[in-house]
Structure formats: C-alpha cells, structure tokens
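Novice: A single structure is presented below for examination.
The values are calculated or read from the model by the stated rules, or taken from the named source; none is laboratory data. This one's a predicted model, so the numbers in the text were calculated from it and none came from an experiment. Cβ placement follows ideal geometry from the backbone for every residue including glycine, while neighbour counts extend to all protein chains displayed.
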C-alpha cells in the first residue's frame, strides 16, 4: 500500500548466469592488445619481406586465432549487459517477469550451483527501518541484491520505491577506490560542503580528517590497504549518505566496528540522518540484535532463502522467533545515547580517531574509545604520535603506523571528482618504467635465462645457415652457367642438406631456449613477489603487478621471441647480401660507411623516444587493470549510485592514455621507415650502377647473385633496423621483470636454527608458550611505531583474548607474531625460542590464523581445504562435519562442489566456516582468531566457539575480538591501548576493578549485556577454581 516502500509477493529469485567478467575481460584486453601489437608492429614490418624474400611468418595464422578468440568473448559480455538491464528496477516499477525471463545460475551457489530466494513475501514500511536477521547462508545479502536488481526475480510481484535518485547501498565487504577520502565519498557528484561535513561527522570520520596529512585529500591506497575494515565500512556508509537517497540498503556495516563506534553510527548516521533528516526507507542486515527494539519498525527473519517470520520486534520476541533480543531499559538507553551525544562535539574536532587513528596520549576514556584501527602513518594525532592499531578486518588493514601517506595526487577544487583527478595521480615510478637497472644488466639477465652455451650454439647455427645458403645459391649459379658436373651436383646437394639441417637446428634451439627463458623469468619474478614483504603489497598497485604477469609475460612468451627471430633472420639475410655484394662489387664498399653513419644517427635518434614511449605504454597499462578490478569489485555500488556512465568514461580515458603512447610509438616507427627506405635505395642503386659499369671486369655469376641479394635488402635493411628498434622497445618487459625479480624479500624461510629445534616428540612447538618482551614495531622504516614496548606472557594451552578500542594495536600483535613485519626492538619467544632466529616457513607452519575475511581460491572445497593434497577425503569430510558446514551451505555440499574466485558463491559466514575447517586440518599448537566471528550471526558464532573450545582444547588460542561475549570465559584477557598492553589478567579479576579499561569496554555494550558478561565471567572463574582444586587433590 501507500505506507510500504518495498513489497514482495510470492517472489522466487536466482542469480543470473554470468561469464567470469574479471578474468574474461582482462583476457579480452590482453588478446586485443596482442592482436594490435602483432598487426601493427609485426605484420606491417614483415610484409615487405613476405613479398620480396618469400619467408612466410606464422603471424597471419596467429592473428586469425587471436581475433577469433577475442570475437568469441564479445557476445557473452554484450549479452551480460542486456540481461542486467532487463532486471533493473527503477522508480515504483513492479517486476512481473514471465517464465521465459527466468535465468538459472550455474555459478552462484553450492551443491547444484544454484542459490535461490523462494516464495518471498514481505512488506517494508516507507520512511522506517526494517531489520533483516538470519543465520549464515540464509539469504540476507541476496535479498538486498534482489532489491538492487542484481538478482533476478523469476516469479511473483516485486515493487521497489527507490525514488528519483540513487540507492544508498553499503555492501558487506566495503568497497573503496584508489583515490582520496573525499573522492571516495563524493565520487563524481556535485560537492556540497555543508552536507559533506554533516555526513563525515555522522559517520565518525571527522577526527580522521583532522589527523590526516592532507585531510580528506589524503590518498587511502589501492584496495584500501591504508585503512582498516571499519574505516572502509564507514567511508562506504558516508558515500551512500552523501547522495541523499530515499532508500538505504545496509549490509552489516556495524560488524566492522566496536560497540562504541557502532553506537555512534546508529545514533547519528542511521537514526539521525537516514531516518530523521532524510526520512528514508532503511533496510539493515545486521547481527547486532541489541538494536532491534530500538531501531526496527519491522523485523524480517530469514532461513534457507525464505522469509520465515516478519513483524514487530516485541511480537517476534514474545513468539520466541527473535532470540537474544533483550530490550534495554529506557533509562539506560537514554543515558547511553546522551553519553555519546555529549562527547561528539569535542571528539569531532580532535579525538574521534576512527579505525587506524594513532592517538595522542590518552586524555580521557572518550578519546580512547573513539580510536579506530587500521590506518598507518597519516592517522597519527598531532601530539606524540603514539601508535595503535587493532582489529581490522584483516591484519594488513590494521595498522596505525602511517600507511596512509599523501601522494602526488591532489584535488584542487573541493568538488573535483575521482575521475577528473585520475590523470594527476603522478608519474610512473622507475620500477614501473623499468629504469632502475644498470646498463646492460637486463641483457645479461635474459642471456642467463636463455643459457650462454645455448646462445653460442644458436649463433653458430645461424652462421652456418647463412654460409650454407649463400654457397648453395652460388653453386647453383655456377652450375647453370658452366654446365652440369657430378662434383657440382654433389656439392650443391650437400649445401642444400646443410641449409635444411642448420635451419632446423636453429629453429628448434631458438624455440626451446626462448620458452625456457620466459619460463625461468616468470618463475624468478613469481618467486620474488611471493616472498616480498608486506610493505611491497601495501605500496604497489595491484594493476602493476598484474601487468607484469600478464602483458609483460605475454611479450616475453610471444611478441619478443617473434620479433627476435625476425631480427636474426633479417640480420642473416642483410649481412649475407652485403658480404656477397662486397665480394662481387668491391667498389660498392665505398658508400657503406656513409650509409652506415646515417643509419646510426637515425636509429640513435629513434631509439630514445621509442623506448620511452614503450615504457609509458606498459606503465599506463597497470592503472587500467587496477581501475577495472576496482570497478568490477564495486559494480553493485556503482549501479546503485547510477554512476555507470562516469565509470565507463573514466575507463575509456585510461585506455586513451595508454593508446596515446602506443600511437606515438607507431608514428616513430613510420618516421624511421621512410628514412630507412631512402637509405636502402641509395645502397641498391650504388651496387646496381657499379655492377653495370664494371660488368666486363666482374664475375657474371657472382654479380647476378649480388644483384639478387641486394634487391632483397630494399625491404630487409630498413625492416631489420625497425625490428631491431622494436626488439629494444619490447625488451622493456625484460627490464621490468628484472626489476621485480630484485624487490626486497622477506627474511629467510629456512635457517640453520631450524635444525636445532627438537621435533623428536612431535611437531614444534610442543607447548605453545608465547612471551612478548618489550616489543616495538613499525610497518616501514620511516613510519612511527605502532607497538610500544609490549610485554606479556601467554601460558601454553591457555585461551587468551586480546581486546581494546579499535585502533589500540590488537591486530598488530598478529603481524608481529607471524613476522609479516620485523620488530624494531624487543623479542618474541615461543617455548623459549626467539622467533627471529627461525625460518619463516617453520614459524608460520607452527601457527594457524583464522581471519575475519576468509581467503578462498577458485576451485573446489577440496582444493581450498587441502591445496597440496596432504589429507584424505575422510579427514576433509570430518573437518566439514565438525563445523557443520554442509547444513549452513545448503545441505548438499560435497568436496567437489565448486568455489568461485574469492568464495563469491558462498556467504560470508560459510566462508568463515570453511576457514575454520581448514584450520582444524593443520593441528597447530598455536591458533589465532582475528575477528573471526565479527560478521556472522550469533548461532554460527556459537558453533565456531564450540569447535574452538573442543577441537583446539590443547592448543594455545589467541583471539582478537570486539564481541566480548565470545571471549568472556577465556583464561586471560589482554587489553590493548595505544599500542601497549595496558591490562592483563583473568576477565573476572579485571572486572572487579570498576576503573579498568576492560570494565569500560564491558559497560559500552549496554546495561543488560554488561550484566550478562559479568555473570558469565564470574561463573567461568568459579568453574576454573573447581577444576583447579580437583586437579590439586589428584
């Protein structure tokens, strides 16, 4: 009716069948570039040789194959756009697809590879908030995708009132661009300073801006490496708010922040701006059940792709359908809200340092409470630059050491968009341009990759081929002019056979050694990148790395060998022609020095700009890959905001920048070709005139052979220099590969100290006793410390929780423990062994970490659980049963079930369960959970906690958590604050001190929750006391 903004009646929905857009289009671009380069650079240059010299190259066939492959990709992507357009919902349009419109997915689910929403009946009131709850894999995120039009409605009626503007969509995995913070919020929309400031304050970003080196003009880095998961979530929420939409779809944005920041977002962003100021319709997916009674006008419960209940929170709670929904008493709720509101004005100016903010010295509990983790150097406060990082979504997102540094990219106008400033991101680095190597080093690198002995043999075969061919032609001319003789026939036959043998040996040797060289270079670069330190990935755009392994490797595999073999053939033919001409017409040698001088000057003039243009061509390829990857990752957000045209335009601009360099490079080739044609004409004319004038004095056969050969170099000479120049420009790929093969490496993966470890009693470590002693750490040498003299001891086999405000330095402990970054001072020991003396392989093999965002690879469940095939199927099935994976995944999952890239066809919670199952197989003595349950429901959380307590009973467990109820029964708690271990002890012990930081964290959860946590802590202490007494009696 008129009061409902969203109505779904009997809707069945499934994912559309879509090609692998990322890999498909990247491959399409790769093959298209290869086609352009081959047609424009090789085909044109060897065309003359095909006509005049008669040496066919396999380029035409290759071009046909490449063109066919490229053409085959285009229809599927064109059809993809049409399919999406047919499902888009605009305004008040109702979707009533006919059965023929239905599309069945083959890649978005488990078991039969289909995940569907079935018989969805629900109404969401206009201008109110609807809370969507459900277990892992129940279809909550899919419901939001259906409302966005990303999922296809096959049957039923759906009406979505999205107004005339965009939809404010906040995805579960927050999406950010490699741009400034302001550009990420505003994108290409007009800049409204007043509204922008209100949005920034409501999303708790104001203090971040105050502490950034360039404020909101500071770059946040590719893939958001300089910000934590919580910061990305709040930036994503700010982006959605900035467009002033009438419909908000929020996919669990509160899971990435702690209770205090979550309270701020609820009060000011959701209740304040969305519901009160904009009077928008809000659909919130969350596991934060404490907000259901406070916020929700309607609550939707989902299970296995169906809506099982909908109604008022009190009504559902009374029916028992809404678990764990304790309504806080009004007084406590008002007090909590007033406490937050009282703090905001000051915090907004100085202390609301969200995720990653290095805070100054603690001036109040409020300042400590508002520090969020994850960012690096730019997030330091202006006082003493103390560091604190903590539980972001993943360790690499979590630091306060200064990752967030300003770059050369600035935005002159406040309303300037991310697209308008794309061209001013700064010049490519020397590494990207391949200019960081010493002269001749790249040639030696390629020579070593080919093998110097094989290279010498190859040159010998080429020389033998040239000599045997020239002698065979000479013998044929003498045989014809002087008549036949058995000796001449035998000699000619031998030379022809020698020509064939040398040609075959040359071809086989060249093919084998160039393949070996490209393979060795690929292995060398891959090994270097795989062993690169964390700082490399934080500072190197993904597109650059992808370009090295795609376009540069394609050049080494294909274009460079083809061009090199053409150069060798040309050099052989031209040198043979010149030698024969010099022998037949010696007087023609007089003109060669002059011609050679002009050739040298022309090529010297050509080589410098041509090589630089090729470097620019390759360096500008990386941003294309990066931007395309970012665009693919944020497609739902882009379409929700209605910014498809802007992103299309921006991608085309990047392609144009890349193509400009290639066009000017081709123009340089044309410039050289015209002048080389003139010089070769001079050489041919000189030999022909000399042969004609001196015909009475010269050998007729030799003169004729010289004229035949010299006519060939009309094209060969200029073609040879062009191919030589092209080889030099393509050789930039070798230079870049050499540069990336010498990037900084992690410490040794195997050391002599590994041999001294006693493993006779089983795997190391036998106990798992961890000791931090005055640990100091910074993420890169020039950045401030993020850990300041951290000291604590964790008993082997105990369960220890690491808690604290976001930004306190929690996740930096995992970075230090796994030696992702080396310590600046202090030491960490495991069972008395200093981990700095161990090889990284042994150290990391001894521990297991379960992160908040489980990393999955395209393949099957089996390949993700056991990548190297060391476990039996029975062990894998047992691990899946332990975590109850099959039930959460739909009931039909097997080890051979397909897993999409990044686990895209699995829900966040299901991916997490798969990560826990993989950890079970490792049987590690030390297990770390870094916010492993932050984004999943309480039921699944309980499942994981049960598995951890039972299956890792003898292991040392170190858990970084925002959810205190998951760790309140642990043996010990370490409270991090500003990069130091501020408090250590049993939970009950710390709670007895009302002034402790841990007590403050518990109070922030709310009155009812705090009471429950205190009771649980005291109960756990009594249980441990009873067990200890019983153990002492035994």
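Novice: Taking residue 207, is it surrounded by 18 or more Cβ atoms within 10 Å (Cβ to Cβ) and more than 30 Å from residue 629 (Cβ to Cβ)?
Specialist: Spelling it out, residue 207 is indeed surrounded by 18 or more Cβ atoms within 10 Å (Cβ to Cβ) and more than 30 Å from residue 629 (Cβ to Cβ).
Novice: So residue 223 clears everything in (1) at pLDDT 85 or above; (2) in a helix (DSSP H, G or I) except one condition, right? Which one?
Specialist: (1)
Novice: In this structure, does residue 805 turn out to be in contact with a helix residue (DSSP H, G or I) (Cβ under 9 Å, 6 or more places away or on another chain), farther than 12 Å from residue 976 by Cβ and surrounded by 19 or more Cβ atoms within 10 Å (Cβ to Cβ)?
Specialist: Answer is no for this residue.
Novice: Among what's in region 636-667 and is under 21 Å from the mean Cα position of the chain (by Cα) and free of Cβ contacts under 8 Å to residues at least 12 places away in the same chain, pick the residue that is surrounded by the most Cβ atoms within 10 Å (Cβ to Cβ).
Specialist: Among residues in region 636-667 that are under 21 Å from the mean Cα position of the chain (by Cα) and free of Cβ contacts under 8 Å to residues at least 12 places away in the same chain, the one surrounded by the most Cβ atoms within 10 Å (Cβ to Cβ) is 638.
Novice: Given (1) surrounded by 19 or more Cβ atoms within 10 Å (Cβ to Cβ); (2) in contact (Cβ under 8 Å) with a residue 60 or more places away in the chain; (3) over 30 Å from residue 508 (Cβ atoms), where does residue 536 come up short, assuming only one miss?
Specialist: (1)
Novice: From the list 577, 507, which one is in the same structural domain as residue 455 (by TED's automatic domain parsing) and either closer than 30 Å to residue 732 by Cβ or free of Cβ contacts under 8 Å to residues at least 24 places away in the same chain (or both)?
Specialist: Result of the check over 577, 507: 507.
Novice: Taking region 278-305 as the search range and keeping residues that are in contact (Cβ under 8 Å) with a residue 40 or more places away in the chain and farther than 21 Å from residue 317 by Cβ, which one is surrounded by the most Cβ atoms within 10 Å (Cβ to Cβ)?
Specialist: By that ranking, first place goes to 281.
Novice: A further question on this structure: Filter region 925-948 down to residues that are within 17 Å of residue 878 (Cα to Cα) and in contact with a strand residue (DSSP E or B) (Cβ under 9 Å, 6 or more places away or on another chain) and give me whichever is modelled with the highest pLDDT.
Specialist: Here the residue is 948.
Novice: Related question: With the checklist (1) closer than 26 Å to residue 172 by Cβ; (2) free of Cβ contacts under 8 Å to residues at least 24 places away in the same chain in hand, flag the one item residue 950 doesn't pass.
Specialist: Tallying (1) closer than 26 Å to residue 172 by Cβ; (2) free of Cβ contacts under 8 Å to residues at least 24 places away in the same chain, residue 950 fails exactly one: (1).
Novice: Quick check on residue 187: is it at pLDDT 85 or above and within 30 Å of residue 892 (Cα to Cα)?
Specialist: no
Novice: Further question: Just name the residue that is modelled with the highest pLDDT out of those in region 102-132 that are touching a strand residue (DSSP E or B) at 6+ places or on another chain (Cβ under 7 Å) and on the phi > 0 side of the Ramachandran plot.
Specialist: Checking each candidate, the answer is 127.
Novice: Another question, then. Determine whether region 936-946 contains at least one residue that is in contact with a helix residue (DSSP H, G or I) (Cβ under 9 Å, 6 or more places away or on another chain), surrounded by fewer than 23 Cβ atoms within 10 Å (Cβ to Cβ), farther than 21 Å from residue 812 by Cβ and without any contact (Cβ under 8 Å) to a residue 24 or more places away in the chain.
Specialist: Checked against the condition, which is being in contact with a helix residue (DSSP H, G or I) (Cβ under 9 Å, 6 or more places away or on another chain), surrounded by fewer than 23 Cβ atoms within 10 Å (Cβ to Cβ), farther than 21 Å from residue 812 by Cβ and without any contact (Cβ under 8 Å) to a residue 24 or more places away in the chain, region 936-946 yields at least one hit.
Novice: Among strands (runs of 3 or more DSSP E) lying entirely in region 795-874, which contain 2 or more residues that are within 21 Å of the chain's Cα centre (by Cα)?
Specialist: 847-851
Novice: Kindly evaluate residue 624 against the criterion of being in a helix (DSSP H, G or I), modelled with pLDDT of 80 or more, outside the structural domain of residue 251 (by TED's automatic domain parsing) and under 30 Å from residue 162 (Cβ atoms).
Specialist: no
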